[in-house]
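**Q** Structure below; questions to follow.
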Amino acid sequence: MNSDQVSKRSAASDTDTKLILVTGATGDTGRPTVKLLLERGHRVRALARKQDGRSRALQELGAEVVFGDMLKIGDIRAALKGVRSAYFVYPLAHGQVEASVISAKAAEEEGLELVVNMSHKQSRPFARSQATMAHWLSEQVFDWSGIPVTHLRITFFAEWILYISALIRKGRYVVPFDGDSRFAPIASSDIARIVVGLLENPAKHVGQALSLHGPVEYSHVELAALIAGVLGKDVRFEQVSTPEFLELLGIPNDTAKGAHFEAVKIDQQEGLLSGTDSLGSEIAGGPLMTMEEFVANHRAQLM
């Protein structure tokens, strides 16, 4: 479907308050997307796995929270009933392609106007990481479905440093990656702004795969130094093996993440996560968050 068709399809129901589905609604990008959509007056249905504090918080914001398994087509059909557009995001876990097939089929049945699909920056048909390959296959699935779709190929989240916050509090910026590997971290709140911008203005980027980055590129060594400067404490870069890293994170048996990290190490060596752009700020309607701002905003977690 081309952009003219999307515009006509959207115009037909512009007078309605459209219902938007956010999958992975309690995750890093799902939560701020739900919040921002609600703030901008949209009706939001949030798909979560279970009732917990995070899902209750979305309900308190005004979202319609539904519970289901993204690997069960009955759950997804129910979640998409009456929905006009959706943000599709799946966790770094097995089942990505199957979940995409299920969601694309249900979205096609419901006649969605747009799906915004979260993917990887290094998505490609010969990806080393099975997780990244699954994201590339998911892109193909949504494209084949005929549903209007925009893919977000995003570099590392700024939240990466929060995943290792316990180590940063001890003065250690620990990763399984080379210190000189470069990337431009992007905050999940900015990803939400981009997602909402696309959902509100679907025609311009439909059918595209958008490579998106934060405003400034760093090496891991440079990022460790930036964190140290903002916090006013010593934070040392430290590279460890992937098994050591998983042990430090408390997930020693997570083979899916371990294999992904090993592949991403090489992807970074080849510059596949590097780069900057202005596209994200154009879609979001303003500057993206700097890492200085991000670290300052999360000082309590990092000190």
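The values are calculated or read from the model by the stated rules, or taken from the named source; none is laboratory data. Fair warning: this is a prediction, and the values are worked out from it, not measured in the lab. Reconstructed Cβ throughout: ideal geometry from the backbone, glycine too, with neighbour counts over all protein chains shown. These area figures cover heavy atoms from the full protein model, side chains too; ligands, DNA and RNA do not enter into them. Shrake-Rupley method; radii C 1.70, N 1.55, O 1.52, S 1.80 Å.
**Q** Please give the charge dipole size of the chain, origin at the Cα centre, charges +1 on K and R Cβ atoms and -1 on D and E Cβ atoms. Round to the nearest 20 debye. List each step's numbers first, then the result.
**A** Values: 32 positive and 36 negative charges, 131 e Å.
With Lys and Arg at +1 and Asp and Glu at -1, about 640 debye.
**Q** So how do Ser188, Ser278 rank on accessible area, 1.4 Å probe, biggest first, that is with the largest at the start? Please report the intermediate quantities before stating the final value.
**A** Details: Ser188 10, Ser278 65 Å².
Ranked list, largest accessible area first: Ser278, Ser188.
**Q** Here is a further query. Find the accessible area per residue for the chain; the probe is 1.4 Å, ligands and nucleic acids are left out, and the unit is Å².
**A** With all protein chains present, the chain gives 43 Å² per residue.
**Q** Relative contact order for the stretch 28-140 using alpha-carbon pairs under 8 Å, separation at least 6, rounded to a whole percent? Please report the intermediate quantities before stating the final value.
**A** Details: 138 pairs, mean separation 22.4, N = 113.
Relative contact order comes out at 20 percent.
**Q** Continuing with this model, one more query. Quickly estimate the mean residue ellipticity at 222 nm for the chain, helices only: each DSSP H run with n ≥ 4 gives -39500 (n - 2.57), and the total goes over all residues, rounded to 500.
**A** Working: 15 runs with 140 residues, N = 303.
My calculation for the chain gives -13000 deg cm²/dmol from helical runs alone.
**Q** Could you pull out the chymotrypsin sites (Phe, Trp or Tyr not before Pro) across the stretch 83-134 that fall in loop regions by DSSP (anything but H, G, I, E, B) with no more than 10 other Cβ atoms inside 10 Å? Walk me through the intermediate numbers first.
**A** Values: sites: Tyr87, Phe88, Phe126; in loops: Phe126.
Those that pass, being in a loop and sparsely packed, are Phe126.
**Q** Can you give the FRET efficiency to the nearest 0.05 for Ala78 and Val221, using r as the Cβ-Cβ distance and R₀ = 41 Å? Walk me through the numbers on the way to the answer.
**A** Working: r = 48 Å, r/R0 = 1.18.
Once the sixth-power term is evaluated, E becomes 0.25.
**Q** With an 8 Å cut-off on Cα pairs and a minimum separation of 6 or more residues, tell me the relative contact order of the chain in percent. Before the final figure, lay out each step's value.
**A** On the way: 579 pairs, mean separation 55.8, N = 303.
The value is 18 percent.
**Q** Also, quick follow-up: Match the structure shown to one of the listed values (1) 54, 51, 33; (2) 74, 44, 34; (3) 57, 37, 37 of Cα extents along the principal axes in Å, computed from it, and give that label.
**A** Correct label is (3).
**Q** Sticking with this one: At a 1.4 Å probe radius, carbon and sulfur cover how many percent of the accessible area of the chain?
**A** Details: 6690 of 12980 Å².
Here it works out to 52 percent.
**Q** Grab the other residues whose beta carbon is less than 14 angstrom from that of Ser165, score K and R as +1, D and E as -1, and report the net. Don't skip to the end; give the middle numbers.
**A** Values: positive: Arg169, Lys170, Arg172, Lys233, Arg299; negative: Asp28, Glu159.
Neighbourhood net charge equals +3.
**Q** If you don't mind, there's one more thing I want to ask. In whole Hz, what ³J(HN,Hα) sequence does the stretch 120-129 give by Karplus (6.51, -1.76, 1.60; θ = phi - 60°), x for Gly and Pro?
**A** Values, residue by residue: 9, 4, 8, 4, 6, x, 10, 4, 6, 6 Hz.
**Q** Can you return the lysines within cross-link range of Lys72? Criterion is Cα-Cα under 22 Å, with same-chain partners fewer than 8 residues away left out.
**A** Lys50, Lys81, Lys105
**Q** Here's a follow-up. What is the local net charge at Gly232, summed over the other residues whose Cβ is closer than 13 Å to its Cβ (Lys, Arg +1; Asp, Glu -1)? Mind dumping the intermediate values first?
**A** Numbers: positive: Lys233, Arg299; negative: Asp234, Glu292.
Local net charge: 0.
**Q** Need one number: % antiparallel among DSSP beta bridges in the chain, to the nearest 5. Please list the in-between numbers first.
**A** Numbers: 2 of 32 bridges.
Once the DSSP bridges in the chain are tallied, antiparallel ones form about 5 percent.
**Q** List every residue whose amide H lies under 5 Å from the amide H of Ala158, counting only residues 5 or more places away in sequence or on a different chain, with H placed 1.01 Å from N in the peptide plane.
**A** Amide H neighbours of Ala158: Ile186, Ala187, Ser188.
**Q** For a quick check of your reading of the filter: which GluC sites (Glu not before Pro) in the stretch 219-290 sit in a DSSP loop and have no more than 16 other Cβ atoms within 10 Å? Don't skip to the answer; put the middle values down first.
**A** Numbers: sites: Glu222, Glu238, Glu244, Glu247, Glu262, Glu270, Glu282; in loops: Glu270.
Within the stretch 219-290, the qualifying GluC sites (Glu not before Pro) (loop, at most 16 other Cβ atoms within 10 Å) are Glu270.
**Q** I would also like to ask the following. For the stretch 20-52 and the stretch 70-148, what is the separation of their Cα centres, given in Å?
**A** 17
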